[in-house]
Amino acid sequence: MRIRYLSNTEEILEASRLLVRKPEDMRGRWLTLCPEARALAMEIGCGKGRFIGEMALQDPQTLFLGVEKFSTILARSIMNNEAEEPLRPNLRLIRSDALDLDEAFADGELDRLYLNFSDPWPKDRHAKRRLTSDRFLPLYARWLKRGGELHFKTDNDALFPWSVESLQQNGWKIMFRTDDWHACPEQKGDVMTEYEIQFSEAGKKIHKLTAVYEGSDASAL
Ligand code: SAH
């Protein structure tokens, strides 16, 4: 029965038409998945997939990848995004921890990277697990092309300044920064994530930054 079938995470993943099962096989040729696309963008920790699905709808010339490490959560994203017919040709989903995607991208293959409401991991001893820690930032720096932007939104008042510092210490330049994104004129038209809707409706201010990797050879840019 359909309900029972949909309640099974593994079966949802298996039947999915949006799931890329072996991302490392796409290294260097992601754009061949979508002939219309001229750029590649990715969200790490896409949750139930609202943001990445809406972004794909708004910008048909970019191929959007949503990465989520938990199968059960990704299954929700698959259900939400595969309910649309015809299927969005410029959207793909990946079940993976970001750390395991090192081999999945050639140097500079990515045009834009999104981190939205990433897990804060408040305890100091878990700091390396934060998606803005120095365990992850070198990966992003390699994947992104020169000038490629990292976009980060969070409600978390501790994670945000910590991330600014971590980025700066790892060779990133903060191009834009606000502690009240929804009060900024730039926010108009920005796609809201599931967490963003929840937190902003609860009256929480949203922090947002954009950063670009400059590295140690910034003078060569
Ligand atoms: N971006 C969504 C969900 C935020 S919750 C929103 O804004 O509504 C953070 C999500 O990131 C969770 O679903 C979590 O499972 C996922 N996540 C955390 N660490 C990850 C990692 N290392 N690789 C991939 N996904 C990760």
* Nearest 0.05, what FRET efficiency do residue 201 and residue 119 give at R0 = 30 Å with Cβ-Cβ as r? -> 0.90
* Structure fact -> In the chain the DSSP beta bridges are antiparallel at a rate, in percent to nearest 5, of 35 percent
* Structure fact -> Output ordering of 154-164, 108-118 (per-residue mean of other Cβ within 10 Å, highest first) is 108-118, 154-164
* Once you list every other residue whose beta carbon is under 9 Å from the beta carbon of residue 13, what net charge do they have if Lys and Arg are +1 and Asp and Glu are -1? -> -1
* **Residue of 38, 76, 177 that the Gaussian network model of the chain assigns the largest fluctuation, springs spanning Cα pairs under 10 Å** => 38
* Structure fact -> Under 16 Å by backbone N from the virtual spin label 7 Å along Cα-to-Cβ at residue 21, the residues of the stretch 58-101 are 93-96
* Asked: When the helix-only estimate is applied to the chain (DSSP H runs of n ≥ 4, each -39,500 (n - 2.57), divided by the residue count), what is the mean residue ellipticity at 222 nm, nearest 500 deg cm²/dmol?
  -> -7500 deg cm²/dmol
* Three principal axis lengths of the stretch 60-138 [C-alpha, angstrom, descending] -> 45, 30, 19
* Asked: Rg and Dmax of the chain, using alpha carbons, in Å: what are they?
  -> 17.2, 62
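Give me the number: length gained by fully extending residue 184 to residue 214, i.e. 0.36 nm times residue separation minus the C-alpha to C-alpha distance, one decimal in nm.
Answer, rounded to one decimal: 8.2 nm.
Within a Cβ distance under 14 Å of residue 164, other residues only, what is the Lys/Arg minus Asp/Glu net charge? Could the numbers behind the result be given before it?
Values: positive: 130, 153, 173, 177, 208; negative: 134, 157, 165, 179.
Combined, the nearby Lys, Arg, Asp and Glu give +1.
Bear in mind these aren't lab numbers, they're just calculated from the coordinates by the rules spelled out. Treat the numbers as computed from the prediction; the structure is a model and nothing was measured. Cβ sites come from the backbone with ideal geometry, for glycine too, and all protein chains shown count toward neighbours.
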